[in-house]
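For reference, the structure discussed in these notes is given below.
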Amino acid sequence: MTIPPGLSQSQFDDALAEFRGVVGNDWVFTIEEHIEMYRDTSSPLTALGEQAIPSAAVAPENVEGVQGVLRVCNDYRIPIWIISTGKNYTYGGPDAIVNGSVILDLKRMNRILEINEEQAYALVEPGVSQYDLWIEIQRRGMKLWIDGPSPAYSSIIANTIERGVGYGPLGERINAQCGMEVVLATGEVVRTGMGAVANSETWQQYKYGLGPWVDGLFSQTSLGVVTKMGIWLYPEPPAFRSAEVYVPNHEDIVPMLDVLRPLRISNVIPNSASASTNRGGPVEGGFGPGGGMPPGGMAPGGPPPGPPGWRCRLGYYGYERVVDTNWEQTQDEFASVIDNCQFVSERYTAPYNPDEMLSESKLAAGIPSFQEIPLWNHGNGWAASMVVPFSGRKYWEFLETIDAFNRQFGRRYFGGPLHMHSPHALIALAGVPGSATDRDFNERSREQIVQLHQLARENGWGEYRAPLSMMSEAMAAYDWNDAALLRFNERIKDALDPNGIIAPGKNGIWPARMREGQA
Amino acid sequence: MRILSWLSGFAAVVFVVSAALGQDDLVAQGREVYMGRCEYCHGPGPQKGGTMTLQLRYQGAVPGVLAERTNLTPEYIRAVVRTATPGMTPIRITEVSEQDLEAVIAYLTRYNEP
Ligand SMILES: Cc1cc2nc3c(=O)[nH]c(=O)nc-3n(C[C@H](O)[C@H](O)[C@H](O)COP(=O)(O)OP(=O)(O)OC[C@H]3O[C@@H](n4cnc5c(N)ncnc54)[C@H](O)[C@@H]3O)c2cc1C
């Protein structure tokens, strides 16, 4: 049995007894069979023998339970790692960074506190999944759409505060967040925005309140536990058009992005558009849906067989004439600069029948999808999702730079997938394959991904969200003025979490007591 | 609303079939849990990852839809749900409680030969 760092077995036994006092015997998990369920099945660290093993998982049912768990953690200085639904696969699953952490599992806090059709928002607890909210909206017959990532069993709160990606008009998930309730590391409960006005009726309508806008501190956070969050919803549009544009040549990505940029920024294309190579993934054999990463390496030879070129996925929402006009205009823009584009599109009108929609269309309509989950094949690899200028030329330089770098490792890079949820930037992914069992293979791949991070830093590409095993490396790119931002974050961390109990090491931010010896 | 009729249409079919077999409360509860936590991957129709994978694996030898199977044992279902398999990450006790899992097992084994 793993125990938290710095504790004796008997101290830990005492802490467990206190946890049981807070949440009840049934909701403190310590036996191996249970602990195994709290381990990332796709971690590249498993084969390296470096995956952190939790000492226990504790699952409170309400805010008082969260406060009680934090009190025990403070008393014993036990590091905890928060999960809402714990499906953060490819970014670390339910894993903690520090060996022996206690997992704070919030799945039992799964109440949908409000769905307001008129004002188009919901107020949810952390355990509420995309699917839970979607099905409840259908059950109540409300004319509202949700938005979200493709794994529909994941948490609305966790995915949003991790600044995840959806595919509809509210695809930049953090922008749809409105009002939070947070239990701070020290146990006080804070409501943000208008929630701080005791009698307010606008907690989920207006985000900012008065004074510094603190909600951002609780995104990608190790400062508190988000226990309630408002999420804006989208009124069911009268018409919805889902569309794809195919361009035939690899080089066509350059004009493709330059056509997309103004359309995205001006909201002619209102959805969180995405693009990928026609071959499906960023590397031969696929990196994501459509194929796992071959343990033998990525694309040892030249480009794989199959059509070259790229495709992007677009969505239009609103009155029928508007969605048609905007789609026609998009086609004209493409056709005027790229030869032999192909356009594929489907228009749907209310009332919508998910069963008759293509799965690509479903995602852009916020209908939970599970199609790609099993195709993922749990790659055990590494990925870096970098923020790159929204420019064809800049992205081409990115492709060439990564490809030249990968060649040193006998691998190739072909590009994609690209996310355009944040309309002024590209999120571009580069991956390195991993193995579930082969230690040497993962040692080599780790060398590659660590060097790739240095390369990214030299080129000014920071990550939008870091996988667990590369969080410090990812934060190292944020180095302006001798890493002033990191030091600022550390000061906030020390002030708000004096015992350094919440998610130590998350995004490279360590509490004071663990900083010594850290780079 | 068409989504609603689509959902309740499916529910009605399943309900009629199982009602005809005289299901007990546990099976009914199991169906509830299954609809909320398993159906989106294992249900009938296109784009269901679990069904797609199982259809490929069994090539028609047994139904691709889990709820139509007659050869799943309680031990096997429990093991698949609680441990990692190539296509399914573990479903934890906080997501499907022990009691709910018993109910799902009762539901998925309701057509098994005694
Ligand atoms: C096939 C596949 C496709 C994917 N597609 C997408 C996609 O389209 N878009 C996308 O964004 N992601 C995607 N992902 C990544 C990931 O699965 C999702 O982002 C998922 O939402 C994260 O899981 P979760 O919601 O269960 O978060 P959790 O695992 O519950 O939490 C994630 C992290 O958030 C923090 N956290 C969680 N809850 C709280 C809280 N209450 N308070 C404070 N901090 C908290 C913790 O640090 C935790 O580690 C994909 C993954 C796979 C395998």
Could you pull out the residue among A:Arg111, A:Arg139, A:Arg163 that is in contact with a helix residue (DSSP H, G or I) (Cβ under 6 Å, 6 or more places away or on another chain) and among the basic types (Lys, Arg)? A:Arg163
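Look at A:Ala383 and say whether it is surrounded by 20 or more Cβ atoms within 10 Å (Cβ to Cβ), within 30 Å of B:Gly49 (Cα to Cα) and not assigned by TED's automatic domain parsing to the domain that holds A:Ala96.
yes
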If you go through A:Ile156, A:Ile115, A:Ile146, A:Ile103, the only one that is surrounded by fewer than 24 Cβ atoms within 10 Å (Cβ to Cβ) and of a type in the set (A, V, I, L, M, F, W, C) is A:Ile115
Quick test of your reading of the structure: B:Ala19 fulfils all but one of (1) at pLDDT below 75; (2) in a loop (DSSP other than H, G, I, E, B). Name the failing condition by number. (2)
Exclusive hit being touching a residue at least 40 places away in the same chain (Cβ under 8 Å) and among the small types (Gly, Ala, Ser), set A:Ala196, A:Ala120: A:Ala120
Can you name the strands (runs of 3 or more DSSP E) wholly within the stretch A:84-181 that have at least 3 residues being more than 10 Å from the ligand (Cβ to nearest atom)? A:112-116, A:121-124
Taking the options A:Leu48, A:Leu106, name whichever one is in contact with a Pro (Cβ under 6 Å, 6 or more places away or on another chain) and in contact (Cβ under 8 Å) with a residue 60 or more places away in the chain. A:Leu106
Condition met for A:Gly381 (under 22 Å from A:Val165 (Cα atoms) and within 12 Å of the ligand (Cβ to nearest atom)): yes
Within the stretch A:221-241, take every residue that is away from the ligand (no atom under 16 Å from the Cβ) and assigned to a strand (DSSP E or B) and give me the one that is farthest from the chain's Cα centre (by Cα). A:Ala239
Give the residues of the stretch A:21-52 that are within 13 Å of another protein chain (Cβ to nearest Cβ) and of a type in the set (A, V, I, L, M, F, W, C), sorted by residue number. A:Val23, A:Trp27, A:Val28, A:Phe29, A:Ile31, A:Ile35, A:Met37
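For A:Gly224, indicate whether it is in contact (Cβ under 8 Å) with a residue 40 or more places away in the chain and buried (at least 24 other Cβ atoms within 10 Å of the Cβ). Quick ask: steps written out before the conclusion?
On the way: in contact (Cβ under 8 Å) with a residue 40 or more places away in the chain: yes; buried (at least 24 other Cβ atoms within 10 Å of the Cβ): yes.
Answer is yes for this residue.
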Count, please, the residues in the stretch A:76-94 that happen to be within 12 Å of chain B (Cβ to nearest Cβ) and of a type outside the set (Lys, Arg). 9
Name the residues in the stretch B:27-49 that are over 23 Å from B:Pro90 (Cβ atoms) and more than 14 Å from chain A (Cβ to nearest Cβ), would you? B:Val27, B:Ala28
All positions within the stretch A:469-482 that are part of a helix (DSSP H, G or I) and surrounded by fewer than 16 Cβ atoms within 10 Å (Cβ to Cβ): A:Trp480, A:Asn481, A:Asp482
Check A:Ala196, A:Ala185 and return the single one that is of a type outside the set (Lys, Arg), more than 18 Å from the chain's Cα centre (by Cα), at pLDDT 95 or above and within 12 Å of the ligand (Cβ to nearest atom). A:Ala185
Just to be sure, is A:Tyr206 closer than 19 Å to A:Pro149 by Cβ and either exposed (fewer than 15 other Cβ atoms within 10 Å of the Cβ) or in the same structural domain as A:Glu125 (by TED's automatic domain parsing) (or both)? no
Inside the stretch A:325-433, counting only strands (runs of 3 or more DSSP E) that do not spill past its ends, which hold 3 or more residues that are within 14 Å of chain B (Cβ to nearest Cβ) and in contact with a Ser or Thr (Cβ under 9 Å, 6 or more places away or on another chain)? none
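The values are calculated or read from the model by the stated rules, or taken from the named source; none is laboratory data. These figures come from a predicted structure and were not determined experimentally. Virtual Cβ from ideal backbone geometry, glycine too; neighbours counted across all protein chains shown.
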